[in-house]
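Visitor: The following block contains the structure, expressed as structure tokens.
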Amino acid sequence: MVVTGLGSVTAAGSGCDALWQDLLAPPPLGHRPLEEWDAAPWMDRSEIRHTDRCTQFAVAAAALAVTDAGGAEKLAPRAETWRAGVVLGTALAGVSTLERQSLIREARGDKRVSPFVVPMIMPNAAASAVSQRLGWRGPCETLTTACASGTHAIASAARLIAYGVCDTVVTGGTEAAAYGTVLAGFSNMRALSAGDRTRPFDSGRDGFTVAEGAAALVLEAADTAEERGARVYAEVLGAANTADAHDVTAPLADGSAAAHCMSLALRDAALAPSDVAQLSAHGTGTVRGDLAESLAIAGVFGDAGPPVTSAKGATGHAFGASGALEAVAAVLSLAYGVIPPVQGLTTPDPELGGVLDLVRGSPRPWTPGPILSSSFGFGGQNGSVVLGPVRGPQAT
């Protein structure tokens, strides 16, 4: 399973160049919604009025990824659209639309509620919209496993190709929940940073900032990509998921289930921990979350683990889209030959054991190799995917 297209929309802008530059520079303070978002390049006025921003972001990111891969017709000629699928992840889907429409109903009555509200808030709305626009008639699926959704979606898409169900799948994650009740709930939970900065693994970390956006990857069977002469960015080497079976919000404190997930993903990729050349951490900047993740990393890699980065210090936390954004960031790291630093990290927390080789300050040059990217979500959801340089005849 190889990656042949990338797309993203974030507060930094549309396209992966904007995402990459965002990873290399300290972000502004505060949450990171797409304040000046305009879906017009990808959707007409009627579609925009009748879709949630979560769907709009997904349509844009998917379109950018498909174009990057050579276009929908090259990926799936009309006779082969049954073998082209869509698998997306989201944690909260159209929650912002639901809140706005609830306020309209309360203030103005039932008759003023949009007749489109149900299809706008459905968790599968984004995947469905992408499938319809591409005309792809293979599996069209939505995974909603909290903040692990994007990573789980990539793993599921890769399996559709590995099992021979699809030749091509657009996958990733999308989220548009930097609004109203969601922010209030996280604030009252004390999950948000009082300092308006996400500081993964820092001694002064106090929570995260919230981001909006979407990221998409085009996955293809290696032989299909080779036949059409596609440019290949990376290979999906393996994936896994587990559950903490512990708590609705708190991670399992010892990180053991997350560690098991990482180990299973490496086994799926036929790799040893020593083969991993970079670790893309979940790294939300929460006190308990980063501690549990540090214990999980130490449990897998011991005292001699690979360089560790976390994108959320730059991007903020995009919930169900975060794993997909981090997978795109990992592929870009392969392409550019540097590992982005952990933005917001100034003083590594000694309570984390001092075993993490955290990339700090400046991008670190590296020899590209396998990357383990992990995501952990409410409900005890753990997901890991292994990406790496292409092996075999397609390697360039």
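Visitor: Set the Förster distance to 51 Å, then compute FRET efficiency between ALA162 and ASP110 from the Cβ-Cβ distance, nearest 0.05.
Guide: After rounding to 0.05, the efficiency reads 0.60.
Visitor: Please give the FRET efficiency for THR347 paired with MET189, using the beta carbon to beta carbon distance and R0 = 22 Å, rounded to the nearest 0.05.
Guide: That pair, THR347 with MET189, gives E of 0.30.
Visitor: Once the Cβ-Cβ distance between ARG267 and GLU47 is put in as r, and R0 is 35 Å, what FRET efficiency do you end up with, to the nearest 0.05?
Guide: E between ARG267 and GLU47, to the nearest 0.05, is 0.20.
Visitor: Between ARG137 and LEU24, how many nm apart are label points set 7 Å from Cα along the C-beta direction?
Guide: Reported label-point gap for ARG137 and LEU24 is 4.5 nm.
Visitor: Taking the Cα centre of the chain as the origin, how large is its charge dipole in debye, to the nearest 20, when only Lys and Arg (+1) and Asp and Glu (-1) carry charge on their Cβ atoms?
Guide: Details: 27 positive and 38 negative charges, 154 e Å.
Dipole size: approximately 740 debye.
Visitor: Report the label-to-label distance for THR367 and ASP247 in nanometres (one decimal), using points 7 Å from each Cα along the Cα→Cβ vector.
Guide: With each label placed 7 Å out from Cα toward Cβ, I get 4.2 nm.
Visitor: Suppose the chain between ASP223 and ASP196 were pulled fully straight at 0.36 nm per residue; how much longer would it get relative to their current alpha carbon spacing?
Guide: 5.1 nm
Visitor: Of TYR179, SER193, ALA225, whose Cα points farthest to the positive end of the dipole of the range 138-230 (charges on the beta-carbon: +1 Lys, Arg; -1 Asp, Glu; origin at the Cα centre)?
Guide: SER193
Visitor: Still on this structure, I have one more. Mind putting a number on the dipole of the range 1-155 about its Cα centre? Charges go on the C-beta only, +1 for Lys and Arg and -1 for Asp and Glu, and I need it in Debye to the nearest 20.
Guide: Computed about the Cα centre, the dipole is about 500 debye.
Visitor: Please work out whether the range 2-90 counts as rounded, prolate or oblate from its C-alpha gyration tensor, where a ≥ b ≥ c are the square roots of the eigenvalues and a/c under 1.5 means rounded, while otherwise a/b larger than b/c means prolate and anything else oblate?
Guide: Oblate, since a/c reaches 1.5 and b/c is not below a/b.
Visitor: Right, here's the next one. At 7 Å along the Cα-to-beta-carbon direction for both ASP17 and LEU103, put a label point, then send me their distance in nm to one decimal.
Guide: 3.7 nm
Visitor: Specify whether the C-alpha gyration tensor of the chain places it in the rounded, prolate or oblate class, a ≥ b ≥ c being the square roots of the eigenvalues: rounded for a/c under 1.5, otherwise prolate if a/b is larger than b/c and oblate if not.
Guide: Oblate is the answer for the chain, as a/c is 1.5 or above yet b/c matches or exceeds a/b.
Visitor: Using a 10 Å cut-off on Cβ atoms, rank the peptides 142-150, 90-98, 17-25 from the highest mean neighbour count down.
Guide: Sorting 142-150, 90-98, 17-25 by mean packing, highest first, produces 142-150, 90-98, 17-25.
Visitor: Quick check on the range 191-275: take the gyration tensor over C-alpha atoms, sort the square-rooted eigenvalues as a ≥ b ≥ c, and tell me if it's rounded (a/c under 1.5), prolate or oblate.
Guide: oblate
Visitor: Got the relative contact order for the chain handy, in percent, Cα pairs under 8 Å and 6 or more residues apart?
Guide: 23 percent
Visitor: Also, I was wondering about something else. Where nothing but the Cβ of Lys and Arg (+1) and of Asp and Glu (-1) is charged, how large is the charge dipole of the range 294-396 around its Cα centre, in debye to the nearest 20?
Guide: Working: 4 positive and 5 negative charges, 60 e Å.
It works out to roughly 280 debye.
Visitor: Right, another one. Relative contact order, percent, of the range 176-311 when contacts are C-alpha pairs under 8 Å separated by at least 6 residues?
Guide: For the range 176-311, the relative contact order is 25 percent.
Visitor: If packing is taken as the average number of other Cβ atoms within 10 Å across a peptide's residues, how do 256-268, 128-140, 172-184 rank, most packed first? Walk me through the intermediate numbers first.
Guide: On the way: 256-268: 21.3, 128-140: 19.7, 172-184: 24.6.
Averaged packing, sorted descending, gives the order 172-184, 256-268, 128-140.
All of the numbers you see were taken from the coordinates with simple rules; none came from a lab. Everything numeric here is computed off the predicted structure, so don't read it as measured data. Note that we place each Cβ from the backbone using ideal geometry, even for glycine, and neighbour counts take in every protein chain shown.
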